[in-house]
Amino acid sequence: MLPSKHLRTKGTFHGEKKLEGDQGFQAITFDCYGTLIDWETGIEAAFKQSLKGLGLTQHEESRLFDRYLEEEERIEAQKPYKPYRKVLAEAFNSAAKSFGKTIPKEASNLLAEQLPTWLPFPDTNPALERLFGNYKLGILSNVDDDLLQGTLKQLRVPFDLVITAERVRSYKPGTKHFDEARKILGPDTSWLHVAASLYHDIEPATRLQIKTIWVNRKNSPMDKKYSKTLIGELKDLTQLADWLEK
C-alpha cells in the first residue's frame, strides 16, 4: 500500500469553508469527464458539428443541448443497462426530435467518436503528476471501456483503479462504481473522491459516507444540503494538489 500523506491544513476552501485537520488519505478517486477532462467544451463542439445543416438558431442549439443533458440522465437511469455509446446516440436523437429534427446516423455517432479526443483541463496533468506516488489514484467514469482507454492516453500518470459504467453495468448517481472501488481499495483505506458533478458523484458518495471534494470550476452556488458533508470546494485541481501538499 502506498504511504499516506499527513495533511496539516490551515487555510480555507473557496466559499470560506475551513480545512479540517490531518486527513491521512491513502487513495484519491476522480470523476473523469468534467473533472479531469474538459467535457463541456468537447461535447458542445461535437454537438454543433452534428447539428450543421439543420437550420437551428444559436438559442435553439443551446436549448437542444440542455434537453440532451436531461435525456442522457433519463436514459442512463433506465433498465436494463445500455452501453454509453447507445446512451449518447439515443439522448441526442431524442432531444432533436423534441425540436422536430432528425439527426443522421453518422451525426448521432459523432459524440462517441470524438469523446476520446476531448482534452484535459490545463491544471489536470500537472496536478496528477504532483499526486502520483503519494496516493493510489483512480477514475470512476460513466463511459464504456474503449472510450475511456482513448482518454487515458491524454493523462500523464497511470491509475491504480479504473471503474467504468461498462464494468459495473450501471451509471452514477447509482452507487455501484463506489461499491466496486471500496471492494478494490479495501474497507480500511482512507479514501477521498474528487468530482465536479454534485448530481452524479457528490450525492452518491455522500450517501456512502465517502469523503468528497467538489471541483467548482464555474463558481456555481453551493446546495446547502452538501455544506456540512463536503470536506470542501475548490476551483481546480491545482488547489487540490496545493492543499494535499501542506
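The values are calculated or read from the model by the stated rules, or taken from the named source; none is laboratory data. A quick note: this is a predicted structure, and the numbers were derived from the prediction, not measured. Cβ coordinates were reconstructed from backbone atoms using ideal geometry, including for glycine residues, and neighbour counts include every protein chain displayed.
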When region 175-200 is checked residue by residue, the ones that are farther than 17 Å from residue 161 by Cα and assigned to a helix (DSSP H, G or I) are 198, 199, 200
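A quick yes/no check of all residues on (1) touching a helix residue (DSSP H, G or I) at 6+ places or on another chain (Cβ under 9 Å); (2) over 16 Å from residue 29 (Cα atoms); (3) crowded, with 19+ Cβ neighbours inside 10 Å; (4) touching a residue at least 12 places away in the same chain (Cβ under 8 Å):
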| site | (1), (2), (3), (4) |
| --- | --- |
| 180 | yes, no, no, yes |
| 183 | no, no, no, no |
| 190 | no, no, no, yes |
| 224 | no, yes, no, no |
Checked 73, 44, 60 against criteria (outside the structural domain of residue 124 (by TED's automatic domain parsing), farther than 15 Å from residue 96 by Cα and in a helix (DSSP H, G or I)); the one match is 73
Within region 72-107, of all residues that are hydrophobic (A, V, I, L, M, F, W, C) and within 19 Å of the chain's Cα centre (by Cα), the one farthest from residue 54 (Cα to Cα) is 77
When region 128-147 is checked residue by residue, the ones that are surrounded by 17 or more Cβ atoms within 10 Å (Cβ to Cβ), over 18 Å from residue 197 (Cα atoms) and within 16 Å of the chain's Cα centre (by Cα) are 128, 137, 144, 147
Within region 35-72, residues in contact (Cβ under 8 Å) with a residue 60 or more places away in the chain, under 18 Å from residue 171 (Cβ atoms) and not hydrophobic (A, V, I, L, M, F, W, C) come out as 35
In the set 206, 229, the lone residue that is free of Cβ contacts under 8 Å to residues at least 40 places away in the same chain, outside any loop (DSSP other than H, G, I, E, B), out of contact with any Asp or Glu (no Cβ under 6 Å at 6 or more places or on another chain) and of a type in the set (Ser, Thr, Tyr) is 206
Over region 109-125, the set of residues under 18 Å from the mean Cα position of the chain (by Cα) and either farther than 20 Å from residue 215 by Cα or in contact (Cβ under 8 Å) with a residue 60 or more places away in the chain (or both) is 111, 112, 114, 115, 116, 117, 118, 119, 120, 121, 123, 124
Here the residues within region 102-124 that are surrounded by 16 or more Cβ atoms within 10 Å (Cβ to Cβ) and not in a helix (DSSP H, G or I) are 103, 109, 118, 120, 121, 123
